[in-house]
Amino acid sequence: MPGTTPHTAQPDPRSPYVVDTREFNRRPGSMKRLQETVPAGKDLGTGVLDGVASVAEGADVDLEVRLEAVVEGVLATGSVRAPVTGECVRCLEPLEDVEVEADFQELYFFPGEDTGSDEDAVFLVGDLLDLEPVVHDAVVLALPLSPLCQEDCLGLCSECGAALNEDPEHSHDDVDPRWAALADLKNANRSGTAPAALPAEDQE
Ligand SMILES: [Zn+2]
Ligand SMILES: [Zn+2]
C-alpha cells in the first residue's frame, strides 16, 4: 500500500502559515514567538451545510504560536481564534460575533529523523514548517456541531414560527379554544374538508 505523505510536500514559502526556522532550529532550547493574523484557508470554508458552522475563506485567523527548538526538531505550541459563519440551529439567523478557539501542538521532526512507528509524524522541509495542516485540524475539530447565535437563544415558536428572541413573551396559551373551533369550522366550509388542526401556512 503506497503511503501518502501530504505533510512532507514542499511548503510554499510565501504562505503566511509557513515559518522559516533556520535561525534557531539547531539550537535546542531557543525559541521564537509568533503572533499574527492570517487568512483562513479554502478548506475551512467549504462543505458548508445548513446549520453547520465553518470559517469563511479569507477570514481573519488570529494565531499565537511558540516555536521551540528541541533535539528531534521544532515543537510548535499555539492557539488559534477565528470567526464562525453559519446559521443558528434554533432561530436560523446567521451567526454573528461567534468565534472558534482552539489550542494545538505539533512536533516537526528534522528531515530524516527516526520517528519510530509514528506514521502521522510531520517533518520540517529544509528549514520550513507549515502550520496550516495543524491549524486546520484544530479549527475543524473545535467548530460547534450545533452552533447557537447566543447561549440562551429562544429559537422559534413551534406553532407559528415567530422569532422568540425578538418577542420573549410570545405565547399561544391565551387563545380561546372556542375561537380555534370556529376557525376550523370556517376552513371546513371553505375547502369542503375538515382540517385536523389549525392551518399553519408559514410552517413547512
Ligand atoms: Zn439563535
Ligand atoms: Zn407562535
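Every number in this text was worked out from the coordinates using simple rules, so none of it is lab data. Owing to the predicted nature of the structure, the values given are computational and were not obtained by experimental measurement. Here the Cβ positions follow ideal geometry from the backbone for every residue, glycine too, while neighbour counts run over all protein chains shown.
A few remarks follow.
For (1) assigned to a loop (DSSP other than H, G, I, E, B); (2) within 30 Å of Glu57 (Cβ to Cβ); (3) within 16 Å of ligand 2 (Cβ to nearest atom), each residue gets a yes or a no:
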residue	(1), (2), (3)
Asp118	yes, no, no
Leu129	no, yes, no
Leu141	no, yes, no
Pro147	yes, yes, no
Glu151	yes, yes, no
Cys160	yes, no, yes
His172	yes, no, yes
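- Residue ID - nearest to ligand 2 (Cβ to nearest atom), chosen from residues in segment 70-91 that are surrounded by fewer than 19 Cβ atoms within 10 Å (Cβ to Cβ) and more than 17 Å from the chain's Cα centre (by Cα): Cys91
- So Glu151, is it within 16 Å of ligand 1 (Cβ to nearest atom) and more than 17 Å from Val65 (Cα to Cα): yes
- Sub-6 Å Cβ pairs linking a first residue in segment 75-92 that is within 10 Å of Val55 (Cα to Cα) to a second residue that is β-branched (Val, Ile, Thr) and within 13 Å of ligand 1 (Cβ to nearest atom), at least 6 apart or interchain, are Val84/Val98, ordered by first then second residue.
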